[in-house]
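These notes concern the structure reproduced below.
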Amino acid sequence: MNKDVKISINGVAYEKSVPLRMLLVDFIRDEAGLTGTHIGCTYEGRCGTCTVQMDGEAVKSCMLLAVQADGREIATVEGLASNGRLHPLQEAFNEHHALQCGFCTPGILMNTEEFLKENPDPSEAEIRRSLVGNICRCTGYDHIIDAIQTAAKRLRQA
Amino acid sequence: MYPAIIEEYLAPATVADALAAIAKHDGEATVFAGGMSVMQAIKARLIEARCVIDLGNIAELRGVSVGPDGAAIGPMTRYADLVRDKKLHGAYQALNDAASTVGDRQVRNRGTIGGSLCWNYIAACMPPTVLALDARIELTAPGGGKRTVPIGEFFLGALETVRRDEELMTKITLPAAKGKAGSSYKKWSTQVDGLPIIGVAVYIETDGSGVCTVARFAVGGILPIVKRSAAAEGQLVGTKASDADGIARATAAAAEELDPQGDRWVQAAYRKLLIQSLGGEVVAKAFERATGGAA
Ligand SMILES: Cc1cc2nc3c(=O)[nH]c(=O)nc-3n(C[C@H](O)[C@H](O)[C@H](O)COP(=O)(O)OP(=O)(O)OC[C@H]3O[C@@H](n4cnc5c(N)ncnc54)[C@H](O)[C@@H]3O)c2cc1C
Ligand code: FES
Ligand code: FES
């Protein structure tokens, strides 16, 4: 069974007819062609690499049906940079070597962008807890923490 | 993993419309709250969701109100909303504690208190919390008929409750405190904020001099369902925050009475130890919240 949906992703409206069982993550990747949002576990909703924002809140896009995003605003990693300039989080991840394979990075960025709005001056412990839903197999997290701290500072000063 | 064919998706805006849709499908529809448990089950093909009824657009099922008669919580209130809700501080603060340690940020942005109670997973955080808070659960059937079930009768067994397939959970109410009251929840998991090996929720009411007059001590993570310990509650009444021996006797009595089982991951003795140590911490916290740190 299909349904017509209109889903806005990074400000662009995508109007499609989609099967009801299509996952939001597959809509983003296959229908909108935005492959920055990754699929790691797809089953338990544990790995977090599919994290996007729906109406400004971090959610795991493999845990939602595409039809649940009908009429809503989705933000993905492709929308983070603006006017050709990387987001302060992206710059800090680059400077601190906070990614190795980079598979987890889009989800971490989209989760953390919301987290820093909620808590602009987090402690290291708070940052670590904010990342429970995002698994990184490469970095050991230390550089990710450093990058988030740097970005938080710059965002506070901005 | 991909869900099996879904034939219909409805996102009604009112409880009445949701109940009408449930009736039309003869109780065979799959209700979505936050979807954080049900989507796992659908993708694993444990549930075949021919028709999905998403409660996400029903504003009347969301929100917290606290007044002289107690508290009323909409089942679609999300963990993220509970975490931030200062109205719950003091008597109902165990809800803030429990909500803030469920899963991860993304799960807390979607998952709901009602979904957790209806799913009734053995180690979930909300069941012991609302049990300690002596909640009453309002269930509404198609046609609008309501019944209210005391929380002690709501949970039947692992993943089972007294809710009938055609009923929706429409409200969770908590009684008003008679004296000064405080509550607290804490869990221990193998990973930070993971599903707990043991979770303990405690509610304490005190008289003017800080002596406990009412105690409710509930434990999750034990088979077959979340339980209260009458032995611990009996021992806690009459204690004060400073009575370390009395509190230790109470938590030891809980570990003895609830007699948790061991499994592949954890020995029974470890679960007993956790009931005692977490129990001591949450009792101290609940006293502190009830008395404002005095006594
Ligand atoms: C990665 C991850 C980590 C997690 N960690 C924890 C944890 O640490 N502690 C914990 O307690 N839980 C944890 N959970 C589970 C989470 O709390 C779920 O949100 C919760 O169990 C179900 O809530 P939901 O709103 O998502 O419900 P759903 O999954 O949408 O629904 C659950 C069930 O309840 C039914 N239902 C829901 N609302 C109603 C209603 N109003 N009336 C009738 N039926 C209804 C549904 O039909 C379904 O059968 C975790 C989940 C994930 C994915
Ligand atoms: S793909 Fe792993 S959480 Fe979504
Ligand atoms: S950089 Fe490889 S998983 Fe995080």
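Taken together, the values in this text are just the output of simple stated rules run on the coordinates, not laboratory data. Fair warning: this is a prediction, and the values are worked out from it, not measured in the lab. Cβ atoms come from the backbone with ideal geometry, glycine included; neighbour counts cover every protein chain shown.
The lysine pair count for segment B:180-289, using Cα distances under 22 Å and pairs eight or more places apart or on different chains, is 13. Charged side chains reduced to their Cβ positions (Lys and Arg at +1, Asp and Glu at -1) give segment A:88-157 a dipole of some 60 debye around its Cα centre.
Can you give the helix-only mean residue ellipticity at 222 nm for chain B, where every DSSP H stretch with n ≥ 4 adds -39500 (n - 2.57) and the sum goes over all residues, rounded to the nearest 500 deg cm²/dmol?
-9500 deg cm²/dmol
Ignoring aspartates and glutamates fewer than eight residues from A:Lys153 along the same chain, the ones with Cα atoms less than 19 angstrom from its Cα are A:Glu91, A:Glu95, A:Glu113, A:Glu114, A:Glu118, A:Asp121, A:Glu124, A:Glu126, A:Asp142. Nearest 5 percent is fine: what portion of the DSSP beta bridges confined to chain A is antiparallel? That works out to approximately 90 percent antiparallel. Taking +1 at the Cβ of each Lys and Arg and -1 at the Cβ of each Asp and Glu, which of B:Gly210, B:Ser184, B:Leu195 sits farthest along the dipole of segment B:180-289 towards its positive end, judged by Cα position relative to the Cα centre? About the Cα centre, the residue reaching furthest to the positive side is B:Leu195. Charge tally for A:Arg128 (other residues, Cβ to Cβ under 11 Å; Lys, Arg +1; Asp, Glu -1): -3. In a reduced charge model with +1 at each Lys and Arg Cβ and -1 at each Asp and Glu Cβ, the protein assembly as shown shows a dipole moment near 500 debye about its Cα centre.
Once you charge only the Cβ atoms, +1 for Lys and Arg and -1 for Asp and Glu, what is the size of the charge dipole of segment A:1-75 about its Cα centre, to the nearest 20 debye?
140 debye
Annotation note: trypsin sites (Lys or Arg not before Pro) in segment B:1-76 located in DSSP loop regions with a Cβ neighbour count of at most 10 within 10 Å are absent. If you take the alpha carbon atoms of chain B and fit the smallest convex hull around them, that volume is 120 Å³ per residue. With a cut-off of 13 Å between beta carbons, the residues surrounding A:Asp142 carry a summed charge of -1, where Lys and Arg count +1 and Asp and Glu -1.
Legend: translational diffusion of segment B:8-54 by Stokes-Einstein, Rh = Kirkwood radius over C-alpha pairs, 37 °C, 0.692 mPa s; D = 302 µm²/s.
Shown here: the protein assembly as shown, whose C-alpha atoms stretch 66, 56, 44 Å along the first, second and third principal axes, sorted largest to smallest. Considered as an equivalent ellipsoid built on the Cα gyration tensor, chain A has semi-axes of 28, 16, 13 Å, the largest given first. Ranking B:Thr251, B:Gly279, B:Trp265 by how far each Cα lies toward the positive end of the dipole of segment B:242-295 (charges on Cβ) leaves B:Trp265 at the top. Of the three principal axes defined by the Cα atoms of segment A:88-157, the extents in descending order read 30, 23, 18 Å. Once the Cα atoms are used to define both axes, helix A:142-157 deviates from the longest principal axis of chain A by about 90 degrees. Under 1.5 on a/c is rounded, so check that first for segment B:218-295, then, if it is not, pick prolate when a/b is larger than b/c and oblate when it is not; a ≥ b ≥ c are the square roots of the alpha carbon gyration tensor eigenvalues. Judged from the Cα gyration tensor, segment B:218-295 comes out prolate (a/c at least 1.5, a/b above b/c). Projecting the Cα positions of A:Ala66, A:Asn10, A:Leu34 onto the charge dipole of segment A:2-79 (unit charges on Cβ atoms of Lys, Arg, Asp and Glu, taken about the Cα centre) puts A:Ala66 furthest along the positive direction.
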